[in-house]
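Scroll down for the structure; my scribbles are underneath it.
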Amino acid sequence: MTNTVEQGDEKTAGERLRERRAAAYREADRVLARGGFRGTLRDRLALLHEAAPQVYDLDEPADIYGDGVVAALEERVAGLLGMEAAAFFPTGTMAQQVALRCWAGRTGNATVALHALSHPEVWERGAFGAVSELRTVRVTREPRPPTAEEVRAFQEPFGALMLELPLRDAGFVLPSWEELTDVVQAARERDAVVHFDGARLWETTLHFGRPLREIADLADNIYVSFYKSLDGFGGAALAGPKTLVEEAKTWRHRYGGTVFQQFPTALSALVGLARELPRLPEYVTHARVVAAALREGFAEAGVPWARVHPEVPHTHEFQVWLPYEADVLAEAAALQAEETRTMLFAAAWDRGGPGLSLTEVTVRADGLTWTADDVKAAVAEFVARVTRVTRVAEGAGVPGVPGVPGVAEGVSA
């Protein structure tokens, strides 16, 4: 009889591959982005030890229920965004629910219009309705930002329009400045408030050609994240009119978000604002170099269909689509990192259709050292391993998968 503990310890091929990819990432000499969240506890604590004294007086008392360093962070965010006030929240999920709940009470309409690919619709398990008694309606399902025409023509009333900038699940895409101002005007014409899901708003200034304050000024209020662009430990802020923020703090308490002490997260956010925020335009500029080199590299390698989306990235993050099954590409990415100590694709690969997969690429400080030739060389090495994985699977007689004959989960060279 098989020991039940041993059975419980067994791992699937997919789990083993994820562990290999994670180990290969940690040991790689070259990556396009090395997010701090992937580091060890020692690494994360070292960040505060090194950088926190540069952004806040550590001889001040620690925060208690939102004063001290948390209040200083709120004031800093409000100033950056040109808003009257800001409130710190442990999560963006909570911050957005609270903001829109507050607006629903003021407008008398609990319906929130948003994109079908927006974060609450895709990733938050229906939290708006299940927790906050909000009703969502989808302005569009198209993989692009909603248009002013769609907002004007929508067939039922709504109290708030939520715009995710950038729209992550459509490829980190942004409207043009003119399109954004038109969409906001269309919402105003319907007497709706405008809420910006600006989790990654920090990345958008180069694309819009406007400072943060001018972008934020279009909205009635805005939510920003401290870890998605700024590499903080976590946390978020809701910024807007002082009366709204004060009401939001009441609801924050009711939701359990007024945490006793949050100084590590608040300090890491201040560090991110000081260190990462000024560099984001540089990351966006270089992401465009990397994206162009990826397109050229796949063409030179003879890959029959490959896409970088958007072709010219709007932020320092974008999608890559390739005509292979996701498990094949994940295996090839792990092999490349293990054998060359260069990891071109560090994020997971997801199935986008029969024989079609996508991944997300982020360019941060580590990626700035990559030239276009470096990227194209890494593409050639990656494609060679995709071919190798496929051939090994075919030689092993593994049943075919549509689009990539002979490839199955867990096949390794």
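The values are calculated or read from the model by the stated rules, or taken from the named source; none is laboratory data. Note that this is a predicted model, so its numbers are computed, not measured. We place every Cβ from the backbone using ideal geometry, glycine too, and count neighbours over all the protein chains shown. The area values use the complete protein model at the heavy-atom level, side chains included, leaving out ligands, DNA and RNA. Shrake-Rupley method; radii C 1.70, N 1.55, O 1.52, S 1.80 Å.
Remarks
- Residues of the range 338-361 that turn out to be surrounded by fewer than 22 Cβ atoms within 10 Å (Cβ to Cβ), hydroxyl-bearing (S, T, Y) and within 22 Å of the chain's Cα centre (by Cα), as a count: 1
- Taken as a whole, the range 98-105 holds at least one residue that is aromatic (F, W, Y) and more than 22 Å from T204 (Cβ to Cβ).
- Of the set (1) under 20 Å from G35 (Cβ atoms); (2) buried (at least 17 other Cβ atoms within 10 Å of the Cβ); (3) touching a helix residue (DSSP H, G or I) at 6+ places or on another chain (Cβ under 8 Å), all apply to L218 but (1).
- Any hit, the range 13-21, residues being at pLDDT 90 or above, within 24 Å of the chain's Cα centre (by Cα) and assigned to a loop (DSSP other than H, G, I, E, B): no
- Condition met for F382 (assigned to a loop (DSSP other than H, G, I, E, B), among the hydrophobic types (A, V, I, L, M, F, W, C), under 20 Å from D29 (Cα atoms) and at pLDDT 95 or above): no
- Residue that is closer than 26 Å to A71 by Cβ, in contact with a Phe, Trp or Tyr (Cβ under 9 Å, 6 or more places away or on another chain) and touching a residue at least 12 places away in the same chain (Cβ under 8 Å), where the choices are F345, F318, F260: F260
- Residue satisfying all of: in the range 296-313; part of a helix (DSSP H, G or I) and more than 20 Å from F172 (Cβ to Cβ); most open to solvent (accessible area, probe 1.4 Å) among these: E300
- Any hit, the range 272-295, residues being under 25 Å from A71 (Cα atoms) and either free of Cβ contacts under 8 Å to residues at least 12 places away in the same chain or buried (at least 21 other Cβ atoms within 10 Å of the Cβ) (or both): yes
- Odd one out for V69 among (1) open to solvent by less than 10 Å² (accessible area, probe 1.4 Å); (2) of a type outside the set (G, A, S); (3) in contact with a Gly (Cβ under 7 Å, 6 or more places away or on another chain): (3)
- Selection of the range 252-291 for residues being over 21 Å from the mean Cα position of the chain (by Cα) and small (G, A, S) yields G256, G257.
- Any helices (runs of 4 or more DSSP H) falling wholly within the range 91-182 and containing at least 3 residues that are modelled with pLDDT of 95 or more, surrounded by 22 or more Cβ atoms within 10 Å (Cβ to Cβ) and among the hydrophobic types (A, V, I, L, M, F, W, C): 92-107
- Cross-chain or 6+ apart pairs with Cβ under 8 Å, the range 213-232 first and within 25 Å of V363 (Cα to Cα), then modelled with pLDDT under 95 and outside any strand (DSSP E or B): Y227/F37; D231/G35; D231/G36; D231/F37
- Of the criteria (1) part of a helix (DSSP H, G or I); (2) out of contact with any Gly (no Cβ under 8 Å at 6 or more places or on another chain), which one D43 fails: (2)
- Extreme residue, farthest from the chain's Cα centre (by Cα), among residues of the range 140-175 that are more than 20 Å from I222 (Cα to Cα) and of a type in the set (D, E): E156
- Within the range 30-45, the set of residues being modelled with pLDDT of 90 or more and touching a Ser or Thr at 6+ places or on another chain (Cβ under 9 Å) comprises R30, V31, L32, A33, R44.
- Looking across E60, E50, one residue alone is open to solvent by 100 Å² or more (accessible area, probe 1.4 Å) and either outside any loop (DSSP other than H, G, I, E, B) or at pLDDT 95 or above (or both). It is E50.
- Beta carbons closer than 8 Å, at least 6 apart along the sequence or on distinct chains, pair a first residue in the range 25-45 that is on the phi < 0 side of the Ramachandran plot and of a type in the set (D, E) with a second that is open to solvent by less than 100 Å² (accessible area, probe 1.4 Å) and not in a helix (DSSP H, G or I) for D29/T342.
- The test for being free of Cβ contacts under 8 Å to residues at least 24 places away in the same chain and over 23 Å from the mean Cα position of the chain (by Cα) holds for T387.
- Flag if G79 is without any contact (Cβ under 8 Å) to a residue 12 or more places away in the chain, more than 30 Å from A377 (Cα to Cα), not in a strand (DSSP E or B) and not charged (D, E, K, R): yes
- Boolean, A87 is closer than 16 Å to A236 by Cβ, in contact with a helix residue (DSSP H, G or I) (Cβ under 9 Å, 6 or more places away or on another chain), assigned to a helix (DSSP H, G or I) and among the small types (G, A, S): no
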